[in-house]
Amino acid sequence: MEDRLKKLRHSMNQTTFKHLNFSDQHRKQVHQKISQSSEREEDLLLAVLQLLSSEKTGFELSQLLRGRGVQRFDGNEGSLYTMLHRLEQKQLIQSGWDQEGAKYYQLNDRGRKILRKAEKPSAKTSFDLKELIQE
């Protein structure tokens, strides 16, 4: 089987990928995306929930996440707002608008309860925050 895969790869390099060249810039972008995705989803959700213990806008949240070293949302802020919307749909956070038109997010009671559970080191180690959010 391995031999057939090697032949397939060789064949693809000679035909399909023959005219495909990666510049150094493309290579750097690919490596950057790979390094950005190295953050675990559970750690990311935990950080978001911790930061939303007090009221924040999406912009403030993205800045604080960047301060924690989370680069996943750099240049892709839409995915942060998608995550916030998902947390809101799961009724872990609540949102509201101020008079200037800025939307603020904050943990609600259920979100605080989940956060306490997730932060307990001696609690069930099988507690999966990501599973809870995606239910």
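Summary of values
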read-out	value
Segment 42-64 residues that are in contact (Cβ under 8 Å) with a residue 12 or more places away in the chain and under 15 Å from Asp109 (Cα atoms), paired with ones that are assigned to a loop (DSSP other than H, G, I, E, B) and open to solvent by less than 20 Å² (accessible area, probe 1.4 Å) (beta carbon under 9 Å, 6 or more apart)	Leu49/Leu92; Leu52/Leu92
Those residues of segment 103-135 which are aliphatic (A, V, I, L, M) and at pLDDT 90 or above, in sequence order	Leu107
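A quick yes/no check of all residues on (1) under 30 Å from Asp98 (Cβ atoms); (2) at pLDDT below 90:
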{"residue": "His19", "(1), (2)": "no, yes"}
{"residue": "Gln32", "(1), (2)": "no, yes"}
{"residue": "Ser38", "(1), (2)": "no, yes"}
{"residue": "Ser54", "(1), (2)": "yes, no"}
{"residue": "Asn76", "(1), (2)": "yes, yes"}
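The values are calculated or read from the model by the stated rules, or taken from the named source; none is laboratory data. Nothing here was measured: the structure is a model prediction, and the numbers come from that model. All Cβ positions, even for glycine, are placed from backbone atoms using ideal geometry, and neighbour counts span all protein chains on display. Only protein heavy atoms, including side chains, enter the accessible area calculation; ligands, DNA and RNA are left aside. Shrake-Rupley method; radii C 1.70, N 1.55, O 1.52, S 1.80 Å.
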